[in-house]
Amino acid sequence: MTQNSAKNKLTILAISGSLRENSSNSSIINAAAGFADDNINFTIYKGLGSLPHFDDSKEPAPEVLEWRQLLRNADGILICQPEYAFGVAGVLKNALDWTVTTADLAYKPLALITAATGGDKAHAALLLTLNVLMAKLTDDTTLLIQYVRSKLDEHGGVKDPDTKMAIKSVMNSLVGLMNEAAAVNE
Ligand SMILES: Cc1cc2nc3c(=O)[nH]c(=O)nc-3n(C[C@H](O)[C@H](O)[C@H](O)COP(=O)(O)O)c2cc1C
């Protein structure tokens with residue numbers, strides 16, 4: 001029995017690179033969750049802020065072991081990130097640094113959405129990181145949403161129709177990659 005037939009549902013683990021209350025990126029993740037159909041188990045990872053700072057000269061903390069396990073167990077990953085000071089948020093980079101030696105993202109279907117004011121620098125930087133971690137991405141599973149705040153309503157809903165369609169399209173492409181990977185593993 002394959003991993004996927006045992007679980008029946010495919011699992012997406014979603015990670016917001018922002019810890020801020022009322023984060024735009026959390027709003028984008030909520031919108032993405034709405035586009036995941038019934039055969040997807042969509043889980044939002046909440047532990048980013050509790051991970052210790054990367055230091056591989058110490059035994060990894062239980063939070064790190066759990067983080068790695070969640071990544072390994074997921075069929076696909078969705079990362080939504082802001083751009084802070086022209087770069088990737090430190091908390092997100094820290095979490096990814098913990099996966100370098102254990103290769104938890106290797107060949108893992110992954111979508112990256114960068115939602116910021118500009119965001120292009122963090123987007124490019126994180127793509128470099130994800131490529132070196134050997135995550136499985138395509139142009140269709142990456143999206144840069146600029147001026148994100150103007151695209152959200154006061155409740156954090158996505159009010160811009162083009163942005164909604166673009167998020168939906170990224171989700172469809174991610175599920176496509178996940179199905180391809182599941183077929184190979186059968
Ligand atoms: C400390 C800080 C630094 C920021 N730096 C940038 C930046 O360099 N480039 C950019 O496009 N937006 C920048 N922004 C704007 C954020 O991208 C924007 O507020 C976005 O909504 C943040 O995402 P979040 O709400 O999910 O945290 C910055 C915001 C903060 C709070």
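Where a number appears in this text, it was derived from the coordinates with a stated rule and is not lab data. Small disclaimer: the values here were computed from a predicted structure and weren't measured. Every residue, glycine as well, gets a Cβ built from its backbone with ideal geometry; the counts of neighbours run over all protein chains shown.
Structure notes:
- For Lys9, the lysines whose Cα comes closer than 17 Å to its Cα, not counting residues fewer than 8 places off in the same chain, are Lys108.
- Prolate/oblate/rounded label for the chain (Cα gyration tensor, a/c 1.5): oblate
- Pairwise FRET efficiency - Asp162 versus Thr43, Cβ, R0 = 25 Å, nearest 0.05: 0.35
- Full extension of the chain between Leu19 and Glu66 yields a length gain of 15.1 nm, computed as 0.36 nm times the residue separation minus the alpha carbon distance.
- Between Asp55 and Tyr84, full extension at 0.36 nm per residue minus the direct alpha carbon distance yields a gain of 8.1 nm.
- A protection proxy built from the mean count of other Cβ atoms within 10 Å ranks the segments 119-131, 46-58, most packed first, as 119-131, 46-58.
- Charge dipole of the chain about the Cα centre (unit charges at C-beta), most positive-ward option of Val184, Asn131, Pro52: Pro52
- Two-decimal Rg/Rh across the stretch 16-103, once Rg and the Kirkwood Rh are taken from alpha-carbon atoms: 0.97
- Put simply, the amide H of Leu10, placed in the peptide plane, has neighbours under 5 Å in Asn41, leaving out anything fewer than 5 places away on its chain.
- Protection proxy ranking of 100-107, 166-173, 145-152 - average other beta-carbon atoms within 10 Å, highest first: 166-173, 145-152, 100-107
- Model label points for Val184 and Asp140, set 7 angstrom from Cα along the Cα-to-Cβ axis, are 1.5 nm apart.
- Across Lys93/Lys159; Lys93/Lys136; Lys58/Lys93, pairs whose alpha-carbon gap is larger than 21 Å: Lys93/Lys159
- A cut-off of 5 Å between modelled amide H atoms, ignoring neighbours fewer than 5 places along the same chain, links Gln81 with Gly17, Ile113, Thr114, Ala115.
- Among the GluC sites (Glu not before Pro) found in the stretch 17-82, those both in a DSSP coil and sparsely packed, with 12 or fewer other Cβ atoms within 10 Å of their Cβ, are Glu21.
- Overall form of the stretch 119-183: oblate. Here a/c, set by the Cα gyration tensor axes a ≥ b ≥ c, is 1.5 or more, and a/b is not larger than b/c.
- Remark: relative contact order (the stretch 55-182) = 25 percent; criterion is Cα-Cα distance under 8 angstrom and separation of 6 or more residues.
- Computed FRET value (nearest 0.05) for Lys9 with Leu128, which takes r as the C-beta separation and R₀ as 30 Å: 0.40
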